[in-house]
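S.K.: This is the structure, below, for whatever I ask next.
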Amino acid sequence: MPRKTTISLIKCDVGSLAGHHVTPKPLINIAEKNLKKAKEEGLINSYYVFNVGDDLELLMAHERGESNPDVHKLAWNTFKEAADKALKLKLYGAGQDLLKTAFSGNIRGMGPGVAEMEIEERGSDPLVVLAADKTSAGSFNFPLFRIFADPMNTAGLVIDPNMAGGFKFEVIDTIENKKVTLKCPEEMYELIALIGTVQRYMISRVWRARDDLICAVGSVTRLSQIAGKYVGKDDPVMIIRAQHGLPAVGEILVPFMHSYLVEGWMRGSHWGPIMPIGLKDAKCTVFDGPPRIVALGFQIADSKIAGDGDDGKPLMADLFNDPAFALARREALDYASMLRRMGEFEPARLGPEEMEYTTLKQILESLKERFKPA
Ligand code: F6R
Ligand code: MG
Ligand code: MG
């Protein structure tokens, strides 16, 4: 029997330094401390803590399956403790994404974002973790389509017999809370018809069609639907498996050679260009952006993240920290300056339906009496 391993990536905005800019070190230290203890106690086997902008990200490898109450509780308690510290330090937006008070066994639906997959190990499994700030899960639709369905992106779709038969995509309708599975290449046009509407339809899972091998899992949440009002964008995370009959690491990264537009940016209400960056630049500045994304590479084996020795740190490859993405960064700045020249005029600003903040209702209300038949 192949060994089963669960990878859990759970993230939360617990508060940040100087507005919504960055999760500072004292909060990261809390996560490091708690995950270290959980590893010593045997709850998890290994972990990697990082941040992308104001989002604190906990990557954990264990053998307890998806939606394990103890693993979720560890994440919840860690976010709570970090949020308390943020409050004490007078950081901004302390506990921003913690939308519920009492933990009830599963962190889903409580504010934090979750991407989890249980895999049957293949000896040595390369993983790419994508994590973005100031955008939503719909921003992954375009690259995921290219990685798993576009033969002009992924050579393996054409020349690796192990990929023959294509991939299946689970798409969530975030408005009606329904899901549908579509198979490529046969249903490619139907898939694009849905996921081209990035604000509503979001890819949550991808499987290899011929054997249902799980390949990718993302966090799809709409905080505003949990809270009933705008409380921040659902800055998304994604776990993608690579190589040996799956897209190669380089095929996963190549869609990011160019920037493209995503929803989010300032006040979650604008189109902005995605900027692939290394961890050292994972912090938003201009107009609270441009929206940033990191790609981190790991190896999974023996239900652990491969590391140097027993208490050695996991080995991590900071994949976008590379001159190969300088062109995309340059394009992101060009697009950003073009869009910002347009100020609050569409299409720089999102349409009224999708704006996370809007005064339109109040403005219309205050002008009600002054509107005359035209
Ligand atoms: C977007 C984001 C920021 C804030 C903006 C206003 O996801 O987090 O752009 O929306 O800085 O924040 P508040 O309302 O907290 O002043
Ligand atoms: Mg924030
Ligand atoms: Mg954020």
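S.K.: Remind me, what semi-axes does the stretch 267-357 give for its equivalent ellipsoid, largest first in whole Å, using sqrt of 5 times each Cα gyration tensor eigenvalue?
M.R.: Result for the stretch 267-357: semi-axes of 35, 15, 9 Å.
S.K.: Stretch Leu367-Asn29 to full length: gain in nm at 0.36 nm per residue minus the Cα-Cα span?
M.R.: 116.6 nm
S.K.: Quote the FRET efficiency, to the nearest 0.05, computed for Asp322 versus Glu81 with a Förster distance R0 of 30 Å and r equal to the Cβ-Cβ distance.
M.R.: 0.30
S.K.: To continue, here is another question. For the stretch 104-150, what is one quarter of the convex hull surface built on the Cα atoms, given in nm²?
M.R.: For the Cα atoms of the stretch 104-150, the hull's average projected area reads 5.2 nm².
S.K.: Same structure again: For the chain, what's the relative contact order in percent, using C-alpha pairs closer than 8 Å and at least 6 residues apart?
M.R.: Values: 848 pairs, mean separation 68.3, N = 374.
RCO, the chain: 18 percent.
S.K.: Calculated from DSSP H runs of 4 or more alone, at -39500 (n - 2.57) each and per residue, what is the 222 nm mean residue ellipticity of the chain, nearest 500?
M.R.: Numbers: 9 runs with 91 residues, N = 374.
Roughly -7000 deg cm²/dmol at 222 nm, from the helical runs in the chain.
S.K.: Turning to a different aspect of this structure: Mind giving me the FRET efficiency for Ala155 and Glu120? R0 is 25 Å, r the Cβ-Cβ distance, nearest 0.05 is fine. Mind showing how you got there, number by number?
M.R.: Details: r = 25 Å, r/R0 = 1.02.
Here the calculated transfer efficiency is 0.45.
S.K.: Another question, if that's okay. Please work out how much length the chain gains when fully extended from Thr181 to Asp334, using 0.36 nm per residue of separation minus the C-alpha to C-alpha distance, in nm with one decimal.
M.R.: Residue separation times 0.36 nm, minus the Cα-Cα distance, leaves 51.4 nm.
S.K.: At a Förster radius of 22 Å, what calculated FRET efficiency corresponds to the Cβ-Cβ distance of Arg210 and Lys4, to the nearest 0.05?
M.R.: 0.60
S.K.: Just order 55-68, 361-374 by mean Cβ neighbour count inside 10 Å, highest at the front, would you?
M.R.: Details: 55-68: 21.6, 361-374: 7.6.
Descending mean neighbour count gives 55-68, 361-374.
S.K.: Bin all alpha-carbon pair distances of the chain at 10 Å intervals from 0 and give each bin's fraction as a whole percent.
M.R.: Final binned percentages: 5, 24, 34, 25, 9, 2, 1, 0.
S.K.: Can you tell me how much longer the chain between Phe103 and His258 gets when fully stretched, taken as 0.36 nm per residue apart minus their C-alpha distance, in nm with one decimal?
M.R.: Result: 51.7 nm gained on full extension.
S.K.: Looking at the stretch 103-157, which trypsin sites (Lys or Arg not before Pro) are DSSP coil and have at most 16 other C-beta atoms within 10 Å of their C-beta?
M.R.: Of the trypsin sites (Lys or Arg not before Pro), the ones in loops of the stretch 103-157 whose Cβ has at most 16 other Cβ atoms within 10 Å are Arg108.
S.K.: Taking loop as defined by DSSP and a crowding limit of 16 other beta carbons within 10 Å, which GluC sites (Glu not before Pro) in the stretch 87-132 fit?
M.R.: Passing both the DSSP loop test and the Cβ count: Glu121.
Where a number appears in this text, it was derived from the coordinates with a stated rule and is not lab data. Keep in mind that what you see is a predicted model, and the values were worked out from it rather than measured. Positions of Cβ are backbone-derived with ideal geometry, glycine not excepted, and every protein chain shown enters the neighbour counts.
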